[in-house]
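Peer 1: Can you keep this structure in mind? I'll have questions shortly.
The values are calculated or read from the model by the stated rules, or taken from the named source; none is laboratory data. Since the structure is predicted, the reported quantities are computational estimates derived from the model, not experimental observations. Cβ coordinates were reconstructed from backbone atoms using ideal geometry, including for glycine residues, and neighbour counts include every protein chain displayed.
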Amino acid sequence: MTVPILDLSRSFGDIKPEVFAAMERIFAAQSFILGQEVKTFEGHCDSYLGVPEGSCVGCASGTDALLLALMSVDIKPGDEVITTPFTFFATSGTIARLGAVPVFADVDPSTYNIDIAQAMSKITSRTKVFLPVHIFGQMAPIVGVISELHERGIKVIEDTAQAFGSTRFADGGILRAGTVGDVGCYSFFPTKNLGGCGDGGMVVTCDKDRAERLRKLRVHGSGTTYYHDEVGINSRLDAIQAAILDIKLKHLEEWNEERRKIADYYRLLFKTHDVQEFITAPVELEGNYHIYHQYVVRVREKRDELMEYLNTEGFAVRVYYPLPLHLQPCFAYLGYKAGDFPVSEKLSHEVLALPVFPGLTQSEQEALVEKIAKFFGK
Ligand SMILES: Cc1ncc(COP(=O)(O)O)c(C=O)c1O
């Protein structure tokens, strides 16, 4: 048996007729960039996320969503942005691209999300933004610190690239990832839990003026064609992506639920195969609805050997992320060194992502965990 890390074709069957009908419609209209398809999708995202109409602004990628969000809070060279080193590069790449300074805080070893106490201790007079990531699909515990951050004049930008549909139950209500700070940033890269058939992204803000500004920033800062109020970028969502994403959005809850069932079954299998002393399952905090964009375990010893063994045996597993951002060569100028963020560094040697996607079967999960057990002599 071979098991891929991700097989998008297994969920595509359900939506194929609708996708092909949408393609007919788009090619008949010959309208490919922004336009009605994008407006419709943005409107459905407003409803899904429970934000005022006009809050969702589609753009060309998750990376651009971060860039646009930072531009919309007027990030300037030298401003400090507190963030996590245990994430995909774009989180910090965009900060640096604008001349601002990524200031890292370590992460929690059980959820891999930013350590809030440490993040708060990094605030200085130059801190402009707090940029947490809802890593692997679970919301970072930011709800309790947002008012303090606002009182101190700091904006909150949520990197929600991996967490569309993730929520937290707090203060008697459901809070959706990407909507609790000032701006939320989503990625629709094809492998994401809500993914298109190319690059795509979205920025979300409940501030009407900021949403208007983001709509301009994504088209070179232009409100009226060929008239530019400020210097923006070219970052437009296209009609094909919007149409496919709109179709997939209707299945998202069901697909996220399926991911959660897969996660539960892995937990059970670790118990039944008695591998818990070697494998630590990801922790879901009480009140959180983790959507398991990735199912990332910690392997206490021999992670690389296990990965090679599983990959050779036909079970695709991956490491997200092998080198924390503070140790990336391009960030050497920031002056960090090995040992500065021990949890992130340890995680980079221990984490292993197992397959999790709609359509993954229980027998595939069983075969994978049997191999893990065999590797550890169980
Ligand atoms: C945490 C995080 N932030 C940002 C991005 C960037 O998204 P995109 O690939 O759509 O530019 C990604 C995507 O891989 C991500 O995982």
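Peer 1: Take region 282-308 and flag every residue that is surrounded by 17 or more Cβ atoms within 10 Å (Cβ to Cβ) and touching a strand residue (DSSP E or B) at 6+ places or on another chain (Cβ under 8 Å). Please lay out each step first, then the result.
Peer 2: As a first pass, look at region 282-308 and keep what is surrounded by 17 or more Cβ atoms within 10 Å (Cβ to Cβ): 282, 284, 288-299, 303, 306-307.
Those that are surrounded by 17 or more Cβ atoms within 10 Å (Cβ to Cβ) and touching a strand residue (DSSP E or B) at 6+ places or on another chain (Cβ under 8 Å): 282, 288, 289, 294, 295, 296, 297, 298, 299, 303, 306, 307.
For every residue, the table says whether it meets (1) farther than 15 Å from residue 203 by Cβ; (2) in contact (Cβ under 8 Å) with a residue 60 or more places away in the chain; (3) of a type in the set (A, V, I, L, M).
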position: 42; (1), (2), (3): no, yes, no
position: 46; (1), (2), (3): no, no, no
position: 49; (1), (2), (3): no, yes, yes
position: 60; (1), (2), (3): no, yes, yes
position: 66; (1), (2), (3): no, yes, yes
position: 69; (1), (2), (3): no, yes, yes
position: 76; (1), (2), (3): yes, no, no
position: 79; (1), (2), (3): yes, no, no
position: 89; (1), (2), (3): yes, yes, no
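Peer 1: Filter the helices (runs of 4 or more DSSP H) completely within region 279-378 down to those with at least 3 residues that are under 28 Å from residue 103 (Cβ atoms).
Peer 2: Correct list: 342-350.
Peer 1: Among 197, 206, which is within 25 Å of residue 355 (Cβ to Cβ) and touching a Pro at 6+ places or on another chain (Cβ under 7 Å)? Walk me through how you get there before you give the answer.
Peer 2: Details: 206 fails: within 25 Å of residue 355 (Cβ to Cβ).
Just a single option satisfies the conditions, and that option is 197.
Peer 1: Are any residues in region 36-69 more than 16 Å from the ligand (Cβ to nearest atom) and of a type in the set (Gly, Ala, Ser), and if so, which ones?
Peer 2: Once the filter is applied, which keeps residues that are more than 16 Å from the ligand (Cβ to nearest atom) and of a type in the set (Gly, Ala, Ser), region 36-69 yields 43, 47, 50, 54, 55.
Peer 1: Looking at region 302-351 only, could you name the residues that are among the hydroxyl-bearing types (Ser, Thr, Tyr) and touching a His at 6+ places or on another chain (Cβ under 7 Å)? Quick ask: steps written out before the conclusion?
Peer 2: Our first condition is that a residue be among the hydroxyl-bearing types (Ser, Thr, Tyr); within region 302-351, this holds for 309, 312, 320-321, 333, 336, 344, 348.
Selection gives 336 alone.
Peer 1: Also, quick follow-up: Step by step: first the residues of region 167-193, then only those that are small (Gly, Ala, Ser) and modelled with pLDDT under 95, then the one that is farthest from the ligand (Cβ to nearest atom). Which residue is that?
Peer 2: First pass over region 167-193, keeping only residues small (Gly, Ala, Ser): 170, 172-173, 177-178, 181, 184, 187.
So of that shortlist, the ones also modelled with pLDDT under 95 come out as 170, 172-173.
Numbers: 170: 22, 172: 29, 173: 26 Å.
Filtering first and then ranking leaves 172.
Peer 1: Identify, from the list 216, 250, 208, the residue that is under 24 Å from residue 293 (Cβ atoms) and not hydroxyl-bearing (Ser, Thr, Tyr). Give the steps one after another, and end with the answer.
Peer 2: Working: 216 fails: under 24 Å from residue 293 (Cβ atoms); 208 fails: under 24 Å from residue 293 (Cβ atoms).
Within the list 216, 250, 208, the selection yields 250.
Peer 1: Is it true that some residue in region 45-52 is of a type in the set (Phe, Trp, Tyr) and either touching a Pro at 6+ places or on another chain (Cβ under 6 Å) or on the phi > 0 side of the Ramachandran plot (or both)? Before the answer, list the steps.
Peer 2: Filtering region 45-52 down to residues of a type in the set (Phe, Trp, Tyr) leaves 48.
When the remaining residues are screened for being either touching a Pro at 6+ places or on another chain (Cβ under 6 Å) or on the phi > 0 side of the Ramachandran plot (or both), the result is none.
No, region 45-52 contains no residue that is of a type in the set (Phe, Trp, Tyr) and either touching a Pro at 6+ places or on another chain (Cβ under 6 Å) or on the phi > 0 side of the Ramachandran plot (or both).
Peer 1: Those residues that are surrounded by 15 or more Cβ atoms within 10 Å (Cβ to Cβ) and not in a loop (DSSP other than H, G, I, E, B), I need them from region 1-11; list them, please.
Peer 2: Residues of region 1-11 surrounded by 15 or more Cβ atoms within 10 Å (Cβ to Cβ): 3-7, 11.
Hits for region 1-11 are 3, 11.
Peer 1: Go through 21, 65 for me and flag whichever is small (Gly, Ala, Ser), over 24 Å from residue 165 (Cα atoms) and either part of a helix (DSSP H, G or I) or assigned by TED's automatic domain parsing to the domain that holds residue 181 (or both).
Peer 2: On the way: 65 fails: over 24 Å from residue 165 (Cα atoms).
Just one listed residue meets the conditions, 21.
Peer 1: Identify the residue in region 52-68 that is aliphatic (A, V, I, L, M) and touching a helix residue (DSSP H, G or I) at 6+ places or on another chain (Cβ under 8 Å) and, among all such residues, is nearest to residue 173 (Cα to Cα). If you could, list the steps in order and put the result at the bottom.
Peer 2: Of region 52-68, the ones aliphatic (A, V, I, L, M) are 57, 60, 65-68.
Keeping just the survivors that are touching a helix residue (DSSP H, G or I) at 6+ places or on another chain (Cβ under 8 Å) gives 57, 66-68.
Working: 57: 25, 66: 27, 67: 30, 68: 29 Å.
In this case the residue turns out to be 57.
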